[in-house]
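Structure, as structure tokens:
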Amino acid sequence: MSAGGERTESWQGEEWLVRSVVGSAAGKYYRCPGCDQEIPPGVGHLVAWQSYAGVDDRRHWHRGCWNARDRRSAKLQRSRNAPRY
């Protein structure tokens, strides 16, 4: 899944593990919690999760959305019919 090394970043008083995913390794659709838009297969992005969390808690972010995460909410409200990835 990843191509880049894993690093630790601090955000909102928590330690987050962040991993880069190159486009060739991104094989399915994900939904970015920063903008609530899809990340299609073949698009490089980041995977981030809290250091104490498990694999099921990983979230796939656009790089720009992760960099702007202090200006964006990770708890966006989706419409009832919006797909969840």
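All of the numbers you see were taken from the coordinates with simple rules; none came from a lab. A quick note: this is a predicted structure, and the numbers were derived from the prediction, not measured. When we count neighbours, we look across all protein chains shown, and the Cβ atoms used for this are built from the backbone with ideal geometry, even at glycine.
Of everything in region 11-40, what is in contact with a strand residue (DSSP E or B) (Cβ under 9 Å, 6 or more places away or on another chain), polar (S, T, N, Q) and either farther than 17 Å from residue 64 by Cα or not in a strand (DSSP E or B) (or both)? Give them in sequence order.
Within region 11-40, just 37 meets the criteria.
Step by step: first the residues of region 35-61, then only those that are within 8 Å of the chain's Cα centre (by Cα) and among the aliphatic types (A, V, I, L, M), then the one that is nearest to residue 20 (Cα to Cα). Which residue is that?
46
Look at region 41-61 and say how many of its residues are assigned to a strand (DSSP E or B) and either under 25 Å from residue 24 (Cβ atoms) or in contact with a Lys or Arg (Cβ under 6 Å, 6 or more places away or on another chain) (or both).
8
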